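Asker: Got a structure for you, questions after.
The values are calculated or read from the model by the stated rules, or taken from the named source; none is laboratory data. In this text the structure is predicted, and so the values were computed from the model without any measurement. Glycine gets a Cβ as well: all are built from the backbone with ideal geometry, and neighbour counts include every protein chain shown. These area figures cover heavy atoms from the full protein model, side chains too; ligands, DNA and RNA do not enter into them. Shrake-Rupley method; radii C 1.70, N 1.55, O 1.52, S 1.80 Å.
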Amino acid sequence: MPSLSAPQILRALASRNLASRSILLHSRRYTEAAIEPPPAGGHSPTIAHSPILRTTRDSALKTPGIVWGSDADHEDGDKTGRDTRKMNMYQAVRDAMSTALANDESAVVFGEDVAFGGVFRCSMGLSEEFGRERVFNTPLTEQGIVGFGIGLASMGHTAIAEIQFSDYIYPAFDQIVNEAAKFRYRSGGNFNVGGLTIRTPSMTVGHGGLYHSQSPEGFFMGAAGLKIVVPRSPIQAKGLLLSSIQDRNPVIFLEPKILYRSSVEQVPTSSYTIPLSKAEILTPGTDLTVLSYGTPLYTARTAMSYLAEPPASIEHLVPKPLRSAKIELIDLRTIMPWDVKTVVESVNKTGRLVVVHEAGKIGGVGSEIASTVTEKCFLKLQAPVKRVTGWDTPVALAYEKFYTPDAIRILDAMVETLTY
């Protein structure tokens, strides 16, 4: 190795020091520009603090569409003196089943582990309150649970069946689609199983993977004779579940499992129902319609807040003229038969539609909605209907968060649609 003279060594050291200072200066500039300390509570509002929820007595009693059941203390429609109680969703589901059991002597609740309260505690204490003859466990057989429910309902009973996870509903597919859905038709209207309601936890929970985080609603959309319902909150869960139990058609009631404890509202303690097949406009708007149901409604609401006031880290991605856009957020609530009228009227007004759901895109609910809206609103559309969904893969065993539509993906769809 050739030796270096003293001047050469000094020049090499000076060059290295200059390069090191340049790298350090560049790194500091990059760090100062790129790293933004998050606020103490994070950028995203939690479900518990969502403006979608009705956390006061007055707002709870003013829930749109609520129909009060008759009772000894109040006339129908009278809100004066009605009580509310703070409940999360699983408590509201339990309250609905308790109301049904108390008001209907033919009602029974059954499924795997329901006598012990169920894995999500939705039937906690019901067997002690109403007896093991009316709230009881079944063997581990989904087709047996639904088949038993069909038999009970055909004899005039009110059958409230639980499938422990919606991921396990597929063994009962034949019973639901070929028996329950077709019972009235095949008997020429002489018999029906309208007293059957199938409750089941659905959607992702963050770590459920391929067997505990599926959203199977799309598989049942072609089964004429069924109704499919998804609540977004405790008030909705109680009212929609009681409507489902009273409805004279078999109903699949899908309960977003992550909302069991994270969504909390003041829930009326009286008996009440909320109509099926009627969507609710949560936020009125004129520039873009965002349609969803269940858990993604909260994510869509977060995306709307990002559009109006983007965090500094994504501010450059949201054009300033779009920040004043008026977004109409709609909760579909009943997936089948869905409220075509409300959705079409909204899209005719806004000219744009983004549909969000956790299930995969192919064959999903969004496909049917996009098709119908395109047929009925074609001349009013200012942009193609956009779908933001789960990926067309099994729900991942790891990084489940990246499977479900997040606020950034929804925001991107909103910006793309508004700037089309």
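Asker: Would you point out the residue of segment 126-155, among those that are in contact with a Gly (Cβ under 7 Å, 6 or more places away or on another chain) and not hydroxyl-bearing (Ser, Thr, Tyr), that is farthest from Ala181 (Cα to Cα)?
Answerer: Ile145
Asker: Of these, Ala370, Ala383, Ala413, which one is in a helix (DSSP H, G or I), open to solvent by less than 20 Å² (accessible area, probe 1.4 Å), outside the structural domain of Ala223 (by the TED database) and more than 27 Å from Pro45 (Cα to Cα)?
Answerer: One residue alone meets the criteria, Ala370.
Asker: Restricted to segment 316-338, and to residues that are of a type in the set (D, E, K, R) and in contact with an Asp or Glu (Cβ under 9 Å, 6 or more places away or on another chain), which residue is farthest from Ile52 (Cα to Cα)?
Answerer: The residue in question is Arg323.
Asker: Keeping to segment 311-335, report how many residues are among the hydroxyl-bearing types (Ser, Thr, Tyr), crowded, with 19+ Cβ neighbours inside 10 Å and more than 30 Å from Gly65 (Cβ to Cβ).
Answerer: Of the residues in that region, 0 qualify.
Asker: Could you list all residues from segment 133-153 that are free of Cβ contacts under 8 Å to residues at least 24 places away in the same chain and either outside the structural domain of Ile176 (by the TED database) or within 15 Å of Met97 (Cβ to Cβ) (or both)?
Answerer: Hits for segment 133-153: nothing passes.
Asker: Something else about it: Based on this model, can you work out whether Tyr298 counts as aromatic (Phe, Trp, Tyr), farther than 25 Å from Gly218 by Cβ and open to solvent by less than 30 Å² (accessible area, probe 1.4 Å)?
Answerer: Against the criterion (aromatic (Phe, Trp, Tyr), farther than 25 Å from Gly218 by Cβ and open to solvent by less than 30 Å² (accessible area, probe 1.4 Å)), Tyr298 does not qualify.
Asker: Inside segment 121-134, can you point out the residues that are buried (at least 19 other Cβ atoms within 10 Å of the Cβ) and either in contact with an Asp or Glu (Cβ under 8 Å, 6 or more places away or on another chain) or more than 27 Å from Arg261 (Cβ to Cβ) (or both)?
Answerer: Cys122, Ser123
Asker: Starting from residues that are over 27 Å from the mean Cα position of the chain (by Cα) and of a type in the set (Val, Ile, Thr), keep the ones in segment 121-149 and report whichever is farthest from Ile245 (Cα to Cα).
Answerer: Taking the candidates together, the pick is Thr138.
Yes/no per residue for (1) buried (at least 24 other Cβ atoms within 10 Å of the Cβ); (2) not in a strand (DSSP E or B):
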residue: Ser244; (1), (2): yes, yes
residue: Asn249; (1), (2): no, yes
residue: Leu254; (1), (2): yes, no
residue: Gln266; (1), (2): no, no
residue: Pro275; (1), (2): no, yes
residue: Thr289; (1), (2): yes, no
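Asker: Here is a further query. Based on this model, can you work out whether Tyr260 counts as assigned by the TED database to the domain that holds Pro64 and in a helix (DSSP H, G or I)?
Answerer: Considered against the rule, which asks whether it is assigned by the TED database to the domain that holds Pro64 and in a helix (DSSP H, G or I), Tyr260 comes out as yes.
Asker: From the set of residues in segment 47-66 that are part of a loop (DSSP other than H, G, I, E, B) and open to solvent by less than 30 Å² (accessible area, probe 1.4 Å), which is nearest to Lys278 (Cα to Cα)?
Answerer: The extreme case among them is Ile66.
Asker: Inspect all residues belonging to segment 170-178 and state whether any of them is of a type in the set (A, V, I, L, M), surrounded by fewer than 18 Cβ atoms within 10 Å (Cβ to Cβ) and under 23 Å from Thr334 (Cα atoms).
Answerer: Residues of segment 170-178 of a type in the set (A, V, I, L, M): 172, 176-177.
If we keep only those that are surrounded by fewer than 18 Cβ atoms within 10 Å (Cβ to Cβ) as well, we get 177.
Checking which are under 23 Å from Thr334 (Cα atoms) leaves us with 177.
Yes, because at least one residue in segment 170-178 is of a type in the set (A, V, I, L, M), surrounded by fewer than 18 Cβ atoms within 10 Å (Cβ to Cβ) and under 23 Å from Thr334 (Cα atoms).
Asker: Which of the residues that make up segment 103-120 are within 19 Å of Ser271 (Cα to Cα) and either charged (D, E, K, R) or open to solvent by 70 Å² or more (accessible area, probe 1.4 Å) (or both)? Before the answer, list the steps.
Answerer: Keep residues of segment 103-120 that are within 19 Å of Ser271 (Cα to Cα), which gives 103-109.
Within segment 103-120, Asn103, Asp104, Glu105 meet the criteria.
Asker: Have a look at Thr46, Thr55 and point out the one that is of a type in the set (Val, Ile, Thr), under 19 Å from the mean Cα position of the chain (by Cα) and at pLDDT 95 or above.
Answerer: Details: Thr46 fails: at pLDDT 95 or above.
None of the other options fit; the residue is Thr55.
Asker: To continue, here is another question. Suppose the filter is over 30 Å from Leu210 (Cα atoms), open to solvent by 20 Å² or more (accessible area, probe 1.4 Å) and touching a helix residue (DSSP H, G or I) at 6+ places or on another chain (Cβ under 8 Å); does Arg184 pass it?
Answerer: no
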